[in-house]
Every structure is written in structure tokens, then in C-alpha cells.
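Undergrad: Shown below is the structure under consideration.
The values are calculated or read from the model by the stated rules, or taken from the named source; none is laboratory data. A quick note: this is a predicted structure, and the numbers were derived from the prediction, not measured. Don't worry about glycine lacking a Cβ; one is built from the backbone with ideal geometry, like all the others, and counts go over all protein chains shown. With ligands, DNA and RNA removed, areas are computed over all heavy atoms of the protein, side chains included. Shrake-Rupley method; radii C 1.70, N 1.55, O 1.52, S 1.80 Å.
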Amino acid sequence: MAEGMQIKFYGTRGSLPAPLTAGKVRQKIIGAIIHWTEHLAVSKLESHKPDSFEVEEFFDSSLSLADWGTYGGNTTCCVVRCGQTIIVFDLGSGVRQFGQDILGEMFKSQGVLIHFCMSHVHWDHIQGFPFFAPLFISRKKLPKNRFVFFGGVAWQGALEEALRGQMDAPVFPVEWDKVTTEGPGMKFLTICDGFETQIAHGKEGETLPDAVKLRAQRLHHPNETYGWRIEYNGKVFVFASDTEPFAGGPDPVILDLAKDADALYLDCQFTEKQYLGQEGVPRLGWGHGYDTWCAQVAKQAGVKRLYLGHHDPAASDEKIFSIQQQVKASFAETVAAYDGLEIEI
């Protein structure tokens, strides 16, 4: 059986981090307890002392994620593993946790090769980079650590300049020159609309039948922004954050990028009413999608599963869950992505 892709979302919020407050956590706990006591009353189990398995089963069957958990507070970061190949989409605040998670693997093998595929360099998509722990480990300790970055050219000049800029003194204590001199080996490659490349289990430039194929297409968003398509062993994952309708409907570019994908991660920051200005100011031209449009894209592109992301930082978990349900009504295989969600295709 062909090996598939393992995908983990480390950050699914848009614009800026939006962590839960203590008050909101308290409200969730109180609500879950109320649901549980109602469950006991209905089941006539007032005298029964449940074990942890029974409680977990109740949470899974009777409560939504919005009731007991959170869609997350970190900004965009998604990690895809295709065999030995590791690909990271965007460097939002979620990449800090990925950096912590991969340290053990790095030290075990004296380093790893990671490909970073950038959508664009708005701050919510790069702000986690200075806190990515592997940056600050000496290449003497991890000589095999190598990072390859794919980015555009109209991003404050180039991707490297944008990343360097947020680490210039006095805004960050470790300067870029020190990182590049003492840290991991880094290479920056320029992409353009229609850019294509192949990665064969981490080896650059080698073409094999099971190579990871990458394609980038420019999306409908302010400034230069790209969506990405990965193909590996007959499976397809598409990452399309920060994009909105084109001329009132799905952009032909995104329909082509997402065509027949096994999984599509798509920007769904707003509801249709918010986008059109029926609730607050209009969001047209902001570069973000909405519920009914996302369902339309998924259906027209023929994708198997749709994952909604780039959630509005002002949206509560309950609001995000409501948006998910709205999309599911038109496209059943829909999930609102959340920090920590792991899928396999």
C-alpha cells in the first residue's frame, strides 16, 4: 500500500494570535459540567461514578470542540510529511511549537532537511520565525540541519529580507547575521506564478517515481501571495490561505490548483454577511474567504475533504463552529481546522 501524507496544523488563526482568556476557559468548563450532569440525569446514573473513558466518550459523542476546547490561538503554520520529506507552510506563531516538537528528531539524526513553502510575508505568516528554536542551535551540534525556503520577490524585496527585518536590532535580541553565521545552513529560492519543483525524499534536484511534487499559484489577495499544491504517491493536498472570491465567484486559479484534491485547506475568515458588509464594514478586497464561497470552491474543484482555516481572531470558538456547520450544510466533508489537528491522506 502506498504511503500517504501526514499533516498537522500548528496554527489556524488569521491576522494575529488569539489565545483563550482564563474567563473563557472557565465558561467552557462550567458548560461542559452542565452538559455532563444533564447526561447523568437523562441516563438515570446519578449514583454512578464514571471513569475517564466514559467521560471522554461523552465528550466525543455529545459535545463539539467549541464546547470543551478551542480552535486555537496561533497564526498560520501547517506541517506536511511525505515519507522522509518535511514541508512547512508558513511561519506564523504556530511554528514555535513545531520547533519544539522536532528537536528530538534533529538531535537523534544530527539534523534534518526542512522545506519551508511560504504563501506571503504578512506579519501573521512570519511572526513565529524568530522563535523557531532550531534556528539557534549551532551547526557544530547539528551539522545536518538544512532549511530551504521558497518565497516570492515582491516581499519587501525578497523573503530573506522580510525575515531578517523582524530580527534587526533593537526589536529582537539575536541578530540575523549571527543566525546565518552560526546556525543551520539556509537557502532561499525564488518562486513565481506557476512555479513547479520536485523533492525526492529530501534530495534536491533528483526525480524519482515517488517524488514530492510542488506547484505554486498566485492567489487573489493584496500583495504577492501563493497557494500550494503537493502531490505524493497519488495523494494531493492543497494549502490555500489568504484568498478571496474573484469577480463574485471562485477564482479559476484556485479551482485548477485544488482540482480533485484529497484535502484542501482554504481561507474561511468570514461569513458571507460579514464579507458583503451586511454585518459591520464590508470585507471585499481584504483577501479572505467566507463560508458559502468555500463550499462552492470545494464542490466545483471536486475535492474530497475541506478544512477551513485562517479563522478571524475576533471569532469565538462557537462562531467558528457555526461557520463550519454552515459550510457542512452544502459540503458535508468539511472540518474547521484547529491547532493540533492531525490528518492523514
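Undergrad: Roughly what % antiparallel, to the nearest 5, for the DSSP beta bridges in the chain? Present the calculation step by step, with values, prior to reporting the outcome.
TA: Numbers: 32 of 62 bridges.
That works out to approximately 50 percent antiparallel.
Undergrad: Roughly speaking, what is the stretch gain from Glu342 to Lys144, that is 0.36 nm per residue apart minus the C-alpha to C-alpha distance, in nm to one decimal? Mind dumping the intermediate values first?
TA: Details: separation 198, 0.36 × 198 = 71.28 nm, distance 2.68 nm.
Net length gain for the segment: 68.6 nm.
Undergrad: Which one, Leu341, His122, Gly151, projects farthest toward the positive side of the charge dipole computed for the chain from Cβ point charges (K/R +1, D/E -1)?
TA: Of Leu341, His122, Gly151, it is Gly151.
Undergrad: Full-extension gain between Cys192 and Glu57, please, as 0.36 nm times their residue separation minus the C-alpha to C-alpha distance. List each step's numbers first, then the result.
TA: Details: separation 135, 0.36 × 135 = 48.60 nm, distance 4.80 nm.
Gain on stretching Cys192 to Glu57: 43.8 nm.
Undergrad: Where does the chain land at 222 nm, in deg cm²/dmol rounded to the nearest 500, when only DSSP H runs of n ≥ 4 count, each adding -39500 (n - 2.57), divided by all residues?
TA: -8500 deg cm²/dmol
Undergrad: As I understand it, the value is the acute angle between the Cα axis of helix 52-62 and the longest principal axis of the Cα atoms of the chain; what does it come to in degrees, rounded to 10?
TA: With rounding to tens, the tilt is 90 degrees.
Undergrad: Normalised by the number of residues in segment 110-197, what is the relative contact order in percent for Cα pairs under 8 Å and 6+ residues apart? Before the final figure, lay out each step's value.
TA: Details: 120 pairs, mean separation 32.4, N = 88.
The value is 37 percent.
Undergrad: Now a separate question. Anything over 27 Å Cα to Cα? Flag those among Lys273/Lys328; Lys213/Lys304; Lys273/Lys299; Lys144/Lys213; Lys24/Lys235; Lys187/Lys213, in the order listed.
TA: Working: Lys273/Lys328 17 Å; Lys213/Lys304 19 Å; Lys273/Lys299 21 Å; Lys144/Lys213 23 Å; Lys24/Lys235 39 Å; Lys187/Lys213 19 Å.
Violating the 27 Å limit, Cα to Cα: Lys24/Lys235.
Undergrad: Angle between the Cα long axis of helix 291-301 and the longest principal axis of the chain, 0 to 90 degrees, nearest 10?
TA: The helix 291-301 is inclined about 60 degrees to the chain.
Undergrad: Using alpha carbons only, how many degrees (0 to 90, rounded to 10) separate the axis of helix 22-43 from the longest principal axis of the chain?
TA: Between helix and principal axis, roughly 40 degrees.
Undergrad: I've got another one for you. On a 1.4 Å probe surface of the protein chains, which of Phe131, Phe53 comes out largest in accessible area, and what is the full order?
TA: Numbers: Phe131 115, Phe53 135 Å².
Listed by decreasing accessible area, they come as Phe53, Phe131.
Undergrad: Before anything else, pin down the relative contact order of the chain: Cα pairs under 8 Å, at least 6 apart, normalised by residue count, whole percent. Walk me through the intermediate numbers first.
TA: Values: 751 pairs, mean separation 64.5, N = 345.
After rounding, I find 19 percent.
Undergrad: Counting Lys and Arg as +1 and Asp and Glu as -1, each charge on the Cβ, what is the dipole of segment 222-345 about the Cα centre in debye, to the nearest 20? Could you put the intermediate results ahead of the total?
TA: Values: 10 positive and 19 negative charges, 66 e Å.
The dipole of segment 222-345 has a size of about 320 debye.
Undergrad: Please calculate how many Å² of accessible area segment 179-320 carries per residue, with a 1.4 Å probe and no DNA, RNA or ligand atoms counted.
TA: Values: 5670 Å² over 142 residues.
Result: 40 Å² per residue.
Undergrad: Still on this structure: Round to a whole number: what % of the accessible area of segment 118-199 belongs to carbon and sulfur, probe 1.4 Å? Walk me through the numbers on the way to the answer.
TA: Numbers: 2180 of 3970 Å².
After summing per-atom areas, the C and S share lands at 55 percent.
Undergrad: How do Val171, Val112 rank by accessible surface area computed with a 1.4 Å probe, from largest to smallest?
TA: Working: Val171 100, Val112 20 Å².
From most accessible down to least: Val171, Val112.
Undergrad: Then there's this: With a point put 7 Å past each Cα toward its Cβ, work out how far Glu175 is from Lys213 in nm, to one decimal.
TA: Those two pseudo-labels are separated by 4.6 nm.
Undergrad: Can you pull the accessible area of Glu57 for me, 1.4 Å probe, Å² to the nearest 10?
TA: 100
Undergrad: Fully extended, how many nm does the chain gain between Trp123 and Glu333 (0.36 nm per residue separation, minus their Cα-Cα distance)?
TA: Value of the extension gain: 72.5 nm.
Undergrad: Let me make sure I get this right: for segment 105-245, a, b and c are the square roots of the gyration tensor eigenvalues over alpha carbons, sorted descending. Under 1.5 in a/c it's rounded, otherwise prolate if a/b > b/c, else oblate. Which is it? Could the numbers behind the result be given before it?
TA: Details: a/c = 2.23, a/b = 1.14, b/c = 1.96.
Oblate shape, in that a/c is at least 1.5 and b/c is the bigger or equal ratio.
Undergrad: Taking the Kirkwood radius as the inverse of the mean 1/r across Cα pairs, report the Rg/Rh of segment 247-345. Write down the numbers at each step before the final one.
TA: Working: Rg = 12.9 Å, Rh = 13.6 Å.
So for segment 247-345, dividing Rg by the Kirkwood Rh gives 0.95.
Undergrad: Leaving out ligands and nucleic acids, note down the accessible area per residue over segment 76-152 with a 1.4 angstrom probe, in whole Å².
TA: Values: 2620 Å² over 77 residues.
Computed with neighbouring chains in place, this is 34 Å² per residue.
Undergrad: Count the net charge of all other residues whose Cβ sits under 9 Å from the Cβ of Gly69, scoring Lys and Arg as +1 and Asp and Glu as -1. Don't jump to the answer; show the numbers that get you there.
TA: On the way: positive: Lys28; negative: Asp67, Asp317.
Local charge sum for Gly69: -1.
Undergrad: Keeping every protein chain in place, order Asp242, Asp339 by accessible area at 1.4 Å, biggest value first, i.e. largest first. Mind dumping the intermediate values first?
TA: Numbers: Asp242 5, Asp339 40 Å².
Final ranking, largest accessible area leading: Asp339, Asp242.
Undergrad: Which one is right for this structure if Cα extents along the principal axes in Å is calculated from it: (i) 61, 51, 41; (ii) 66, 51, 49; (iii) 54, 45, 39?
TA: Evaluating Cα extents along the principal axes in Å on these atoms matches (ii).
Undergrad: Expressed as a rounded percentage, what relative contact order does segment 253-324 have, with Cα pairs under 8 Å and six or more residues apart?
TA: Working: 104 pairs, mean separation 30.6, N = 72.
Worked out over segment 253-324, it gives 43 percent.
Undergrad: Could you compute Rg(Cα) / (2.2 N^0.38 Å) for segment 91-169, with N its residue count? Please list the in-between numbers first.
TA: Values: Rg = 12.9 Å, N = 79, 2.2 N^0.38 = 11.6 Å.
Here the answer is 1.11, to two decimals.
Undergrad: Right, next: Got a sec? Which residues in segment 292-314 would a label at Phe131 touch, if it sits 7 Å along Cα→Cβ and we count backbone N under 20 Å?
TA: Residues 310-314 fall inside that zone.
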